[in-house]
Amino acid sequence: KLVNTYEMFQKAQAGKYAIPAFNIHNLETLQVVVETAAELKSPVILAGTPSTISYCGPEFFVAMAETAASLYNIPIAIHLDHFENLKDIQRCVEAGFTSCMIDASHDPFEENVRIVKEVVAYAHSKGVTVEAELGRLGGQEDDLIVDEKDAKFTNPAQAREFVERTGINSLAVAIGTAHGLYKGEPKLDFERLAEIQNQVDAPLVLHGASDVPVEAVQKAIDLGVCKVNVATDLKIPFANAVKSYFNENPEANDPRKYLAPAKEAMAKVVAEKIRMCRSEGKA
Ligand code: 13P
Ligand code: ZN
Ligand code: NA
């Protein structure tokens, strides 16, 4: 049975590790994530952005994940990533999603609080956990594009007020990561993260974790990050493997053949990310 993120985060917080959240897009990417997580006995979060949900439909996403949960004996949560309104969240929760992010981080503080509270009231009545963001990540996540000049770091004191007033289960922080790849090395503001952790009891979420050095992610985990979001670092090896398969086999047309190396390439990265999160063996 699919679970929400409540217990996962409690255990992760106590054990100083993080739950990896992988953005998936179809049957193959879902299979790779759950098979690898099951092999390594790791709890896992399967995430879908609004554009993924409109691509595959919430019912297909839920049905595939439920099948995975019945086949593998690990905690699996399905999470709505960067959703921007209650209506879309309701439709997906009715389909069976167990966790959601309401991202009103682009709105002014009071408006962010108001929208998040509304989602929390609804979601908690359905046993669904809620993540929200304060501050703003730069970069691109599907259709969500934020110019670097509009990116904003999380204010620790405001974070405390935000969590207390909204009742969210986890807080996404902006401390220098960005969606997608970085131009140079990402510089994370660990002092800020430590201060946020001082102010906030809720588990913290690190978005934009692709292309961040392992040591930096692990330092963030030591400072209270309980969920690490990875999308880009899975997409790239998957796509590259498909490209090289067709380069070598221009006449190929069998998806079972041209997707096999893509799944294999992605599985390696999923395993690396699970080890990075130190969630191996925690299922
Ligand atoms: P990346 O693009 O760095 O993988 O970020 C993923 C993410 O934050 C999903 O919400
Ligand atoms: Zn994100
Ligand atoms: Na990133």
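Observations, loosely collected:
- Residue tally, condition surrounded by fewer than 15 Cβ atoms within 10 Å (Cβ to Cβ) and under 20 Å from the mean Cα position of the chain (by Cα), over region 168-186: 1
- Yes/no for Phe97 being closer than 25 Å to Glu141 by Cα, away from ligand 2 (no atom under 16 Å from the Cβ), in a loop (DSSP other than H, G, I, E, B) and modelled with pLDDT of 95 or more: yes
- In region 179-187 there is no residue that is of a type in the set (A, V, I, L, M, F, W, C), away from ligand 2 (no atom under 15 Å from the Cβ) and at pLDDT 95 or above.
- Among (1) outside any helix (DSSP H, G or I); (2) open to solvent by less than 10 Å² (accessible area, probe 1.4 Å); (3) among the aliphatic types (A, V, I, L, M), the one test that Ala12 misses: (1)
- Some residue of region 189-202 being open to solvent by 40 Å² or more (accessible area, probe 1.4 Å) and within 16 Å of ligand 3 (Cβ to nearest atom): yes
- The combined condition, being open to solvent by 50 Å² or more (accessible area, probe 1.4 Å), in contact (Cβ under 8 Å) with a residue 60 or more places away in the chain, acidic (Asp, Glu) and farther than 14 Å from Ala283 by Cβ, is not fulfilled by Glu35.
- Figure legend. Inter-residue proximity from region 138-155: first residues within 13 Å of Tyr182 (Cα to Cα), second residues β-branched (Val, Ile, Thr) and open to solvent by 100 Å² or more (accessible area, probe 1.4 Å), beta-carbon distance below 9 Å, spacing 6+ or different chains. Indicated pairs: Gly139/Ile145.
- Within region 228-243, the set of residues being more than 16 Å from ligand 1 (Cβ to nearest atom) and open to solvent by 50 Å² or more (accessible area, probe 1.4 Å) comprises Lys243 only.
- Top-ranked residue of region 100-136 - restricted to ones that are assigned to a loop (DSSP other than H, G, I, E, B) and of a type in the set (A, V, I, L, M, F, W, C), ranked as surrounded by the most Cβ atoms within 10 Å (Cβ to Cβ): Val128
- Number of positions in region 87-111 that are over 20 Å from Tyr6 (Cα atoms) and under 20 Å from the mean Cα position of the chain (by Cα): 5
- From the options Ser51, Ser70, residue that is among the hydroxyl-bearing types (Ser, Thr, Tyr), surrounded by fewer than 19 Cβ atoms within 10 Å (Cβ to Cβ) and under 15 Å from the mean Cα position of the chain (by Cα): Ser51
- Selection over region 137-158 of residues that are crowded, with 21+ Cβ neighbours inside 10 Å, assigned to a loop (DSSP other than H, G, I, E, B) and within 16 Å of ligand 3 (Cβ to nearest atom) gives a count of 1.
The values are calculated or read from the model by the stated rules, or taken from the named source; none is laboratory data. Not measured: the values here are computed from a predicted model. No Cβ is skipped: glycine too gets one built from the backbone with ideal geometry, and neighbour counts run over all protein chains shown. Note: areas computed on protein heavy atoms with side chains; ligands, DNA, RNA excluded. Shrake-Rupley method; radii C 1.70, N 1.55, O 1.52, S 1.80 Å.
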